[in-house]
Ligand SMILES: Cc1cc2nc3c(=O)[nH]c(=O)nc-3n(C[C@H](O)[C@H](O)[C@H](O)COP(=O)(O)O)c2cc1C
C-alpha cells in the first residue's frame, strides 16, 4: 500500500486477469482515436507508448479496419489489411509492452457508415441504404458476403496476434456494421440474420466465435456494444417519394 493513498483506491493498482492475459493494474485506456491512424505510425506508436509509460495498464488502438471495404479516409483510423499494417502496429504493441502494459486493438468494420473514398470498394451493410457521408448506396450483404466478412475478420485477428496484441476487440458499437445488424430500426432482414434479437446478434456471435477460435489461445477477446442510439445512427426517414434515406451525423 502507498502511505499517501486512500486504501479504497488500492484495488486500482492490482493486476487483473482478462482471459489468457493479465493487466498490471485497472487503468484501462479504451479504444479512442489519435489523430494519426494508419498514416503516421511512428507518431502514433510514440503517443501510445507515453500512455503506457504514464501508468495505463492497458492501451488500445482506435478503430482498426479489417478490410478495404471499410475505409474511413478523411478520418484517422487504424488498419490491419496487410503485412505493412501488421508491422506498423507491431511497433505500437512493442512500445506499449516496453512499459509493462498490455496492448489492445479494436477490429472494426464500418458497414453502411463508410464511404470508402480511398479504396473505392462497395460499402456493405445489413440493408441497402445510403452511406452516411457520401451519396452512394451500400450493398445489402448476401450469405456469400457474410461468409467473406467472417473471413476478413478472422484474418485481421490473426494479423493482430502476429503483431503482438494481447486484447482483440470485435467492435459492435457506435453504429458500425455489427451495430447495424443488432439495430432493429436498421436491420429489416427476413433471413436468419434479421428479425428477433438472436438473429440480429448472429453475425456478432459468429465473429466472436471465429476470433476466439483463431487467437483465443493467446489473446483476450473483447467486444464493445451500445445500449442506445448514438451519433450517426443511420435512421430511416421516409420521404415523399417513398425512399428511405439516412440522415447526416447530427451536429
Ligand atoms: C475523439 C474521440 C475518438 C473516439 N474514438 C473511438 C474509437 O475509435 N473507438 C471506440 O470504440 N470509441 C471511440 N471513442 C469513444 C471513447 O472510447 C469513449 O467511449 C468516449 O470518449 C466516452 O467516454 P466514456 O466511455 O468513458 O463515457 C472516441 C471518443 C472520442 C472523444
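Just so you know, all these numbers are worked out from the coordinates, no wet-lab data involved. This is a predicted model, so every value here is computed, not measured. Don't worry about glycine lacking a Cβ; one is built from the backbone with ideal geometry, like all the others, and counts go over all protein chains shown.
In the calculated pair distance distribution of the stretch 90-166, what percentage of Cα-Cα distances lie above 16 Å? Spell out each step's value before the answer.
Numbers: 1763 of 2926 pairs.
Tail of P(r) above 16 Å: 60 percent of Cα pairs.
When ranked by the protection proxy of mean other Cβ atoms within 10 Å per residue, highest first, what sequence do the peptides 166-177, 186-197, 35-46 form?
166-177, 35-46, 186-197
For the stretch 1-148, what ratio Rg/Rh do Cα atoms give with a Kirkwood hydrodynamic radius?
Here Rg/Rh amounts to 1.09.
Quick one: compute a quarter of the convex hull surface over the Cα atoms of the chain and quote it in nm².
15.1 nm²
Using the Cα atoms of the stretch 33-94, I'd like the radius of gyration and the largest Cα-Cα distance, Dmax, both in angstrom.
11.4, 36
Place the peptides 63-73, 5-15 in order of packing, highest mean first, counting for every residue the other Cβ atoms within 10 Å and averaging per peptide.
Packing order, densest peptide first, comes out as 63-73, 5-15.
Express as a percent, rounded to the nearest 5, the fraction of DSSP beta bridges in the chain (both residues included) that run antiparallel.
Beta bridges within the chain, antiparallel portion: roughly 20 percent.
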